[in-house]
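The values are calculated or read from the model by the stated rules, or taken from the named source; none is laboratory data. Note that the coordinates shown come from a computational prediction; the quantities given were computed from them, not determined experimentally. All Cβ positions, glycine included, derive from the backbone under ideal geometry; neighbour counts span all protein chains shown. The area values use the complete protein model at the heavy-atom level, side chains included, leaving out ligands, DNA and RNA. Shrake-Rupley method; radii C 1.70, N 1.55, O 1.52, S 1.80 Å.
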Amino acid sequence: MSNANVCNNWGSNYVFIEERPRERLLRLGAQALSEAELLAILLRTGTEKENSYQLSVRLLASFHDLRGLSQASYDELVKIKGIGPVKAIELQAAFELGRRQMGNIVGKRPVIRLPRDVADLMMPQMSMLTQEHFVCLFLNTKNQVIGKQTVFVGSLDASIVHPREVFKEAIKRSSASVICLHNHPSGDPTPSREDIAVTKTLVGAGDLVGISVLDHVIIGDGKYISLKEQGYL
């Protein structure tokens, strides 16, 4: 099967690969490539029956998504056909570099003044996720980001995103305030009734413990919506 006949259904849209990932990266830039294409570049080769792109799609499916793959152990990786010791080590090294880079970003303590600042900071990480991730940014009295925590992965629901998980981390970090955000894998950041309900629940809980919820930002495909700007806070 040629690359032209491979259909990548990873994410909300179907993408037909008409050229090799390396060629697409050179022509369009890394940001234009899908997760499977970027992985294919890292893997370089596939197996006798599949190319590196097809191996990447199967690898992502084996661990459900990129987040699951990034948390896979060496032993789990080498159990996947086509992923030998060298590829497993290279994948773990690549994910660790990404984690350290994010640690450096948080370590620089960016200042949040506007919803746009939240979007600029988090959209590169969250806009391409294939599941909803509910993330909290913890701020000090100067509105500097002092920490980040993924609280929940899955469809948003007020009964699942419990305030105790959010404010336990906020208290642990001596936060003055919290900014919540999550992504819509559909690409449309329009808030749902569940999004609004979760926001109101967290704002009320924050008032009780004395830690303000400054905003809830929803990340879409190159777009975002601030529930504060929409009047829900």
Output for region 170-217, where each listed residue is over 18 Å from residue 139 (Cα atoms) and buried (at least 18 other Cβ atoms within 10 Å of the Cβ): 183, 184, 185, 189, 191, 195, 198
Failed item, numbered, when residue 98 is tested on (1) within 20 Å of residue 133 (Cα to Cα); (2) open to solvent by 30 Å² or more (accessible area, probe 1.4 Å); (3) touching an Asp or Glu at 6+ places or on another chain (Cβ under 9 Å); (4) not hydroxyl-bearing (Ser, Thr, Tyr): (3)
Might you let me know whether region 117-139 holds any residue that is free of Cβ contacts under 8 Å to residues at least 12 places away in the same chain, outside any helix (DSSP H, G or I) and either among the aliphatic types (A, V, I, L, M) or farther than 26 Å from residue 35 by Cβ (or both)? no
Residues that are under 14 Å from residue 136 (Cα atoms), part of a loop (DSSP other than H, G, I, E, B) and either out of contact with any helix residue (DSSP H, G or I) (no Cβ under 6 Å at 6 or more places or on another chain) or at pLDDT 95 or above (or both): does region 161-168 have at least one? yes
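Of all residues in region 180-197, which are part of a helix (DSSP H, G or I) and of a type in the set (D, E, K, R)?
Our first condition is that a residue be part of a helix (DSSP H, G or I); within region 180-197, this holds for 193-197.
193, 194, 195, listed by residue number.
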Filtering region 51-75 down to residues that are in a helix (DSSP H, G or I), modelled with pLDDT of 90 or more, closer than 24 Å to residue 128 by Cα and open to solvent by 30 Å² or more (accessible area, probe 1.4 Å) yields 54, 57, 58, 61, 62
